[in-house]
1. Can you bin every Cα-Cα distance in chain B into 10 Å intervals starting at zero and give me the percent of pairs per bin, rounded to whole numbers?
2. Around residue B:172, with a cut-off of 14 angstrom between Cβ atoms, what is the net charge of the other residues, counting Lys and Arg +1 and Asp and Glu -1?
3. What's the exposure ranking of B:91, B:328, going from fewest to most Cβ atoms within 10 Å?
4. Averaged over B:41-52, how many beta carbons belonging to a partner chain fall within 10 Å of each residue's beta carbon?
5. Expressed in nm², what is the orientationally averaged projection area of the convex hull enclosing the Cα positions of the protein assembly as shown?
6. Listing B:70, B:51, B:376, B:170 from the residue with the fewest other Cβ atoms within 10 Å to the one with the most, what is the order?
7. Would you mind computing, in nm to one decimal, how far apart the modelled labels at residue B:325 and residue A:84 are, each placed 7 Å from Cα along Cα→Cβ?
8. If each residue's Cβ is checked for other Cβ atoms within 10 Å, how do A:73, B:351, B:280, B:260 rank with the fewest at the top?
Amino acid sequence: MRENETIICRCEDITLEEIRACIREGYQTIDEIKRVTRAGMGPCQGRTCRLLIAQELASYYHIPIEEVLMPTFRPPTKPITMGALADAWKESQGGADA
Amino acid sequence: MKKGYDIVIIGGGIIGCSIAFELSKRGVKDILLVEKRFLTAGATGRCGAGIRQQWGAELNASIALESTHILEHLEEYTGYDKSIELHQGGYLLVAYTEKEWNQFQKNLEVQHKLGIESYGLTPQECLEKAPYLNLDGVYGGTFCQKDGHANPFHSTQAYAKGAMRQGVDIETFCEVTGFRTQGGAICGVETTKGYVETKMVINCANTYAPELAAMVGDEIPVYSERHQALVTEPVAPLIDCMVMSFSRSYYVQQTPHGSFVMGIGPKEEPSHNFHSSWQFLEQNCAIMCEALPILRKLNVIRQWAGQYDMSPDRHPVIDEAETCKNFYSVCGFSGHGFMVAPRIAILMANFLTGQKDSIDIHKFSKTRFKTGDILIEPSVV
């Protein structure tokens with residue numbers, strides 16, 4: 001498997017090579033790798049890469065995958081336009097013209 | 001982690017890491033930095049990533065100005081092999097009322113005295129700086145090109161990695177649970193990873209700093225306030241500058257990555273609440289789409305919450321505990337710790353190593369709240 005051609009985070013184009021380099025550098029959690037590389041910060045919010053990164057951490061540190069700390073799952077569950085949210089606020093405040 | 005260190009720094013955010021870097025740069029080598037989770041897990045990693053010099057109080061403005069000078073070459077300064085993604089696209093501060101406009105004129109006077117290159121704008125000139133800005137109700141604005149954005153994660157890593165190269169030990173997932181004192185001075189720190197002897201503690205735990213200080217009997221008038229933010233999907237460059245309003249209480253900036261990061265000022269009771277709210281998501285979007293209608297089309301990707309460590313006058317509190325010698329707290333940054341950290345770290349390191357500094361550190365002493373000699377900052381979201 002070519003590490004530099006294997007995409008782990010498809011939203012942000014982060015390769016296996018980059019993830020492994022981070023882990024070798026001493027980063028111990030998905031949260032840290034997310035902050036340094038942006039892996040998991042794209043539109044899907046880490047649905048694919050979160051577990052793949054967890055596997056890498058588990059194998060590097062020789063720990064069961066359940067022991068890898070999961071990042072916080074943040075709202076909204078799926079992308080939603082600011083316009084729809086703005087309208088919802090106006091509606092809850094008593095009509096579009098309020 | 002050894003059994004003892006000369007100095008223990010608590011908190012792995014930008015404040016703790018930059019102080020560790022500046023102290024070790026001055027030859028103070030025997031330092032341990034402890035962080036209860038991972039670096040930038042607290043306020044630094046949750047902040048709006050803005051840097052600005054357009055402050056209304058001279059002390060805030062001068063510290064922010066000198067911090068920007070350091071951020072402009074932080075990679076070289078700390079030996080960091082990645083970029084801190086500094087982008088000086090400017091801050092546009094929008095005035096919606098005459099009162100606000102008049103305050104801005106006073107702020108400009110303060111800034112010009114320090115050599116900050118800020119200036120006033122007509123509504124039309126505001127539109128040139130921030131295309132798509134809704135000019136309804138816009139009275140004018142001020143602008144400074146040197147303001148902008150830096151990546152808080154990379155900036156903190158730059159300091160942390162530099163500090164480690166200079167001999168500092170960093171212990172993550174290590175929570176402080178107590179302190180030991182002897183003869184009225186600090187002598188040790190209890191942590192979840194064991195006891196550490198020390199001669200000095202520097203408490204940089206942001207909103208948890210008052211609670212830690214209370215363990216040695218010190219009282220710091222700083223409280224925690226939840227602020228929320230959200231980020232959109234990345235799009236092509238639309239607006240180069242940060243757009244910010246105090247009266248309508250919003251800020252929004254497109255990052256170099258293409259996403260927009262934004263937030264609104266809350267009216268909340270003090271708490272350590274780290275949860276996101278649905279109400280923020282909707283209200284923020286309503287306020288932002290009113291100011292910049294083009295944002296209506298953008299998808300929100302993620303929202304989060306963090307804490308401002310609010311001090312009564314919106315200036316930091318840097319002081320030794322009256323009840324415990326060699327226990328220092330550096331907190332109360334009131335939502336702008338990230339952008340002033342580089343200069344604050346130099347100030348603190350100069351003070352602790354007995355070197356001269358152009359800023360008098362005692363101005364940040366908490367005695368100002370008793371003497372009434374407080375520092376007023378009119379411009380905070």
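Read-outs: derived from the displayed coordinates by stated rules, not from any lab. Everything numeric here is computed off the predicted structure, so don't read it as measured data. Neighbour counts run over all protein chains shown; Cβ positions are idealised from the backbone, glycine included.
1. 5, 24, 34, 24, 10, 3, 0
2. -2
3. B:328, B:91
4. 1
5. Taking a quarter of the hull surface, the average projection is 22.8 nm².
6. Exposure proxy ranking, most exposed first: B:376, B:70, B:170, B:51.
7. Output for this residue pair reads 6.4 nm.
8. Ascending Cβ contact count within 10 Å gives the list A:73, B:351, B:280, B:260.
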